[in-house]
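Enquirer: My questions all concern the structure below.
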Amino acid sequence: MRTPIIAGNWKLNKNPQETVEFVNAVKAELPNSSDVETVICAPAVDLPALLESAKGSELHVGAENCYFENEGAYTGETSPMVLKDMGVDYVIIGHSERREYFHETDEDINKKAKAIFANGMKPILCCGESLETREANKAEEFVEGQIKADLEGLTAEQVSNTVIAYEPIWAIGTGKTATADQAEEMCRAIRNTVADLYDESVAEKVRIQYGGSVKPANVKEIMSKEDIDGGLIGGAALQPDSFLQLAHYKD
Ligand code: PGA
């Protein structure tokens, strides 16, 4: 059985004080991690505050990005080794905003995935097509290409421990959610791609999230789908009430 994973992606929002306030508002109310795992992925500058305030609670901590080298002359980058030392569990990689605005390639993302595993953390690997690609009926082919390139050279065990987030670009921050059926169809296709690249048992273990305008009003329907194991949530994960409602989608 795959444990559902509800992860917030704060993007470039909140300072350390707001981070502590958020955690204090949610930490006593979170579901047990064995039932629904909850994660907040925060800007690097907020991670010390997030880790400290989440200590002893059910909340897992993620970073929104890291570099693929642990140290050296790479001005402005974040070391995966230091993230691990600090207590970070997850790192988002390949978010469409990073692919688009910061020109990250599948090759970079693949190197980051390897560095994250080498340091004992787990990646939340984002993939997803543009509206143009979907309208050209090339969405599945495009996402499969991303998955193959991003997972290249990872072991079966590493892929079993990867969280894949399917986030159609046209649904991110737009209020336009993919229908639960569209989301399921692509998550199923991603699982089939993993089965082709590895085997059925790896495909059964990998957790696949949907992301793109997930909110309390639609989370239940999305999570009812067989191949959707969680959500990666931006806007609706910024407020404690809304995050708690997402985390308790089963209630
Ligand atoms: P959204 O963002 O929930 O605000 O659409 C999702 C994401 O980019 O991870």
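Laboratory data are not the source of any read-out in this text; all were calculated from the coordinates shown. Being a predicted model, the structure only gives us computed values, none of them experimental. Ideal geometry is used to build each Cβ from the backbone, glycine not excepted, and the neighbour counts take in all protein chains shown.
Enquirer: Suppose R0 equals 35 Å. What FRET efficiency, 1/(1 + (r/R0)^6) with r the Cβ-Cβ distance, do SER34 and ASN70 give to the nearest 0.05? Walk me through the intermediate numbers first.
Expert: Numbers: r = 32 Å, r/R0 = 0.91.
The formula returns an efficiency of 0.65 here.
Enquirer: Need the C-alpha centroid separation for the range 178-250 versus the range 102-129, integer Å.
Expert: 19
Enquirer: For GLN209, list long-range residues whose amide hydrogen, built 1.01 Å from N in the peptide plane, is under 5 Å from its own amide hydrogen.
Expert: Answer set, sorted by chain and number: ILE164, ALA165, TYR166, ASP229.
Enquirer: Please report the net charge: other residues with Cβ closer than 10 Å to the Cβ of THR19, K and R +1, D and E -1.
Expert: Details: positive: LYS14; negative: GLU18, GLU21, ASP46, GLU52.
Neighbour charge sum, excluding THR19 itself: -3.
Enquirer: Something else: Would you pull out the residues with amide H under 5 Å of GLY8's amide H, same chain only if 5 or more places away, H placed 1.01 Å from N?
Expert: VAL39, ILE40, CYS41, ILE233
Enquirer: Here's something else I'd like to know. What's the exposure ranking of TRP170, TRP10, going from fewest to most Cβ atoms within 10 Å?
Expert: Result, fewest neighbours first: TRP170, TRP10.
Enquirer: Give me the Kirkwood hydrodynamic radius of the range 210-251 in Å, from all C-alpha pairs, to one decimal place? Can you show the working numbers first?
Expert: Working: mean 1/r = 0.0985 Å⁻¹.
Kirkwood radius, the range 210-251: 10.2 Å.
Enquirer: Continuing with the same structure: Quick check: pseudo-label points 7 Å beyond the Cα along Cα→Cβ at THR3 and MET86, how many nm apart are they?
Expert: That separation, rounded to one decimal, is 2.3 nm.
Enquirer: How compact is the chain by the rule of thumb for globular proteins, expressed as Cα Rg over 2.2 N^0.38 Å?
Expert: Details: Rg = 16.8 Å, N = 251, 2.2 N^0.38 = 18.0 Å.
Cα-based Rg divided by the globular estimate yields 0.93.
Enquirer: Now, a different point. Report, in debye and to the nearest 20, how large the dipole of the range 1-79 comes out about its Cα centre when Lys and Arg carry +1 and Asp and Glu carry -1 on their Cβ. Can you show the working numbers first?
Expert: Working: 5 positive and 12 negative charges, 33 e Å.
In debye, rounded to 20, the range 1-79 gives about 160.
Enquirer: Report the gain in length on full extension from GLU18 to GLU221: 0.36 nm times residue separation, minus Cα-Cα distance, nm rounded to one decimal. All intermediate terms of the calculation are to be shown ahead of the outcome.
Expert: On the way: separation 203, 0.36 × 203 = 73.08 nm, distance 3.05 nm.
Extra length from GLU18 to GLU221 when fully extended: 70.0 nm.
Enquirer: Using 7 Å Cα-to-Cβ label points, what is the GLU52/THR155 separation (nm, one decimal)?
Expert: Those two pseudo-labels are separated by 3.7 nm.
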